[in-house]
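The values are calculated or read from the model by the stated rules, or taken from the named source; none is laboratory data. It should be emphasised that the depicted structure is a prediction, and the values quoted were computed from it without experimental measurement. Positions of Cβ are generated from backbone atoms using ideal geometry, with glycine treated the same way; all protein chains shown enter the neighbour counts. Ligands, DNA and RNA are stripped out before the accessible areas are found, and what is left, the full protein with its side chains, is counted by its heavy atoms. Shrake-Rupley method; radii C 1.70, N 1.55, O 1.52, S 1.80 Å.
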Amino acid sequence: MMMAVSFERLGRLYYLDPGPYTPTVGTKVLVPTDSGPEVAECVWAPQWVDDDVAGLPVCEGIAADEHLSRDENNRAKRAQARVTARRLIRDHGLPMKVVGVDYVDELPVFTVYFSAPHRVDFRALVRDLAGRLGGRVELRQIGPRDEARLQGGIGPCGRDLCCATFLKDFEPVSVRMAKDQDLPVNPLRIAGACGRLMCCLKYEHPLYQEFQEKAPKLGEAVETPEGPGVVTGHNVPGDKVVVKLTADGRKCACTRASVCGSRQAYEAKYGEASVTAGGAGHGGTGGGLAGEAGGAVPGEAG
């Protein structure tokens, strides 16, 4: 069994083992954290999953009134700390931008996350913040990607940012990935909300690498079911190549298996014999089945 919760509306998802509890969507539950159980909202009710997922934190129960009251108080404290920090930053004239505030009421400790173009001397700011908020204050500078994760937003695809919903770790992304996928190397087209290269460039890159290793190159002469031609383009999601036929200059999209050498070698050796043997059977039905079976093997080999 597995369920998903979120601490903020449309925020990042966290997966839990529901244990003996059966919360529904919208139910407030207790999630174990380093600073103790915190209140989160169930956004995916417990259900069975096919994969054997182990090691998930176990839900600590349904949030009671005292838990909800404590959560509301902590949210108010965080909002107050955010406003106070912005005012003091403006008073000190520091080039800083408050991104998020975390608060642990047991100590109490305020953690203020900020972004800045360079290193900032905020020692005087920390002292003033601690006096205004009545607790210990920690300031942590974060990068553009973490800023986008904390703030959230909508990506170029029209959906919520991956880093703010399900993406746990930032994997390295390079311009080479965009080139391999035939994307325009234009920062406005391949950059995300954080201003860096989009994390989703990493998702389909292995598919493009595998296709380019096995598919015929651009300009290569190939044999297609419609005749000889030259490869002029690739359709990686469709696993096809675009071929310009030599006979009439017409372009056609052929599957990669139909133009690869192993498929053609198989058909040249077994295709005609298989069809002939099948045609001698039950009114040619066996020939069709043999053709399908014969086509399946080279497709895997190709």
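Observations on the structure shown:
- Unmet criterion (only one of (1) free of Cβ contacts under 8 Å to residues at least 24 places away in the same chain; (2) within 20 Å of GLU8 (Cβ to Cβ)) for ASP146: (1)
- Only one of the listed residues (LEU68, LEU125) is over 30 Å from MET198 (Cβ atoms) and in contact with a Lys or Arg (Cβ under 7 Å, 6 or more places away or on another chain). That residue is LEU68.
- Remark: pairs (first residue in the range 210-223, in contact (Cβ under 8 Å) with a residue 60 or more places away in the chain; second residue open to solvent by less than 100 Å² (accessible area, probe 1.4 Å); Cβ separation under 9 Å; 6+ apart in sequence or on different chains) = LYS214/ARG256; LYS214/CYS260; LYS214/GLY302.
- Conditions (1) open to solvent by 50 Å² or more (accessible area, probe 1.4 Å); (2) in contact with a strand residue (DSSP E or B) (Cβ under 8 Å, 6 or more places away or on another chain): number failed by ARG123: (2)
- Matching option when the condition is of a type in the set (Phe, Trp, Tyr) and open to solvent by 70 Å² or more (accessible area, probe 1.4 Å), among PHE166, PHE110, PHE114: PHE166
- Filter result (assigned to a helix (DSSP H, G or I) and under 17 Å from ARG78 (Cβ atoms)) within the range 150-171: LEU150, GLN151
- Count - residues of the range 32-66 that are open to solvent by less than 60 Å² (accessible area, probe 1.4 Å) and closer than 16 Å to ASP105 by Cβ: 7
- Qualifying residues in the range 215-238 (those that are among the hydrophobic types (A, V, I, L, M, F, W, C) and open to solvent by 60 Å² or more (accessible area, probe 1.4 Å)) - the one farthest from TYR203 (Cα to Cα): ALA221
- Annotation note: of GLY131, GLY100, the sole residue that is modelled with pLDDT under 95 and either open to solvent by less than 40 Å² (accessible area, probe 1.4 Å) or β-branched (Val, Ile, Thr) (or both) is GLY100.
- Counting only helices (runs of 4 or more DSSP H) wholly contained in the range 174-264, the ones carrying 1 or more residues that are among the small types (Gly, Ala, Ser) occupy 175-180, 256-259.
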